[in-house]
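The values are calculated or read from the model by the stated rules, or taken from the named source; none is laboratory data. Keep in mind it's a predicted model, so treat the numbers as computed, not measured. Using ideal geometry, Cβ is built from the backbone for each residue, glycine included, and neighbour counts are taken over all protein chains shown. Surface accessibility is based on the protein's heavy atoms, side chains included, excluding ligands, DNA and RNA. Shrake-Rupley method; radii C 1.70, N 1.55, O 1.52, S 1.80 Å.
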Amino acid sequence: MSYRGEEIVLGRNTTAKFVQLLQLIWLRGDRGISKQQIVHCLYEGDELSNPNNSFNNLIFQMRKQMVAAGLPRMDYVVKMGKVYIPDPNVRVHADVQEFHDAISKARESDDNTVKTQAYRTAFECYRGVLLPEAENRTWVVTESVRLREEFAEAVRFLGNLSKEQKDFDEMYAIYEKAARIYPDNDWQADQIEALIFKEDYKEAFRLYDKTVHRYSEEMGLPPSEKMLENYRRMSQKITSPMGRIQEIQSSLQEDPESGAYYCSYPGFIDAYHILERNMERTGYSVFLLLCTLVDYAGKPISNREKLDARSETLKQCIGRSLRRGDIFTKYSASQYLVLLVGSSREGCEVVSHRISASLKEREGSRADVRYSNVSLADLSRMTPLN
């Protein structure tokens, strides 16, 4: 909040109830909000012996703090009928309201130039998550969902427009901002697509690896279908300088001391397809083994910190329990996929016992893994892995 170019601070506690009161009413604007709704939003189920007194004290405290912060002596919040609204005598410019107005204008206009400019205005005034210091409050969450959806609407419109106009620098900039504000919404896939259009494959691969690692390690999620499609497109385009066969072979050589082969999920998909194609010719049997971390009661591990630590341990146990010719990858925060080449169903059981024994040795007897396996020959007659 600023006044005449100077930042205004309403006390040291930015999440104080009287501050939230002001934020809530300014967010509602002329729509207003009733006293009952205000008390419900700010106290969220707390038992109040006298809600009216609590509300009146908040109003008094807010007005007192506004003056103490150097603002004029005004009401700032007034009652209009059955609802409370911002004081009409106080000129308030709120970025949230500017954003909503621009989105409404874009939706209502049939003129593409007006629509584009309105979406651009909304996009440019959007600077981040709403009230991050109070983001867990129910009323903030509700408004945040609405803002996120409207922001996504503007991003998608402007991103598609820049793509149609082949302005790939603009396309990248739009999705870069969206990914910076909402890194969990898969906007990085659109960033990577813009880099592919720019033929900047090196940066596209770098961003891909960074994003997939974050989704896998921090969020426990596999890459989205669009991310995988980008990976396939990049793989088809990437080239290396001409070299001699010895130099090429040297760059392909892996560490001879390494155990089972760990790879990214897209790399695992490629390995799966190769093995699936070669099964009939070679006569090898290949089994897909799914390893899922569970607690001592056989249920998913709810503590995220504990899950992350145990998942890393399981990765090491799998790597040491398999042969060099076996392949594995992390599918989610609690799951790993393994390709056992030349194995059998009995062999899967042996490997499963070996992994569990290694995990219990390192994490204790309560650490457990649930297993399921299927032959690729059986899977090929079902839905293919993609």
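Data for the structure
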read-out: Carbon/sulfur fraction of accessible area - the chain, other protein chains in place, 1.4 Å, %; value: 49
read-out: Estimated distance in nm for a label pair at Val129 and Arg277, the labels positioned 7 Å out from Cα along Cα-to-Cβ; value: 4.4
read-out: Label-to-label distance, nm, for residues given as Arg146 and Glu361 (7 Å Cα→Cβ offset); value: 5.9
read-out: Sites Arg12 and Asp200 - FRET efficiency at Förster radius 45 Å, r taken between beta-carbons, to 0.05; value: 0.45
read-out: Long-range HN-HN contacts of Tyr262 with modeled amide H, under 5 Å; value: Phe328
read-out: Pairwise Lys count, segment 1-128 - Cα closer than 30 Å, eight or more residues apart or different chains; value: 12
read-out: Vicinal HN-Hα couplings computed from phi for segment 330-342 (Karplus, 6.51 cos²θ - 1.76 cosθ + 1.60; Hz; Gly/Pro x); value: 8, 9, 8, 4, 10, 10, 10, 10, 10, 9, 9, 8, x
read-out: Cα extents of segment 47-168 along the three principal axes, largest first (Å); value: 60, 33, 30
read-out: Alpha-carbon centroid distance for the pair segment 333-355 / segment 55-134, whole angstrom; value: 58
read-out: Projected-area average for segment 11-51 over all orientations - Cα convex hull basis, square nanometres; value: 3.3
read-out: Per-pair calculated FRET efficiency, R0 = 25 Å: Arg232 and Glu164 via Cβ, rounded to 0.05; value: 0.60
read-out: Residues of type lysines that Lys210 reaches as a straight line, Cα spacing below 16 Å, ignoring anything fewer than 8 places off in the same chain; value: Lys202, Lys226, Lys330
read-out: Listed residues Lys64, Lys166, Lys198, most fluctuating in the chain (Gaussian network, C-alpha, under 10 Å); value: Lys64
read-out: Distance in nm between pseudo-label sites at Asn56 and Gln316 (7 Å out along the Cβ direction from Cα); value: 6.5
read-out: Dimensionless Rg over Rh [segment 46-114; C-alpha; Kirkwood]; value: 1.16
read-out: Computed [θ] at 222 nm, deg cm²/dmol, the chain (DSSP H ≥ 4; -39,500 (n - 2.57); rounded to nearest 500); value: -18000 deg cm²/dmol
read-out: Paramagnetic label zone (point 7 Å from Cα along Cα-to-C-beta, Met80; backbone N under 16 Å) in segment 1-45; value: 24-35
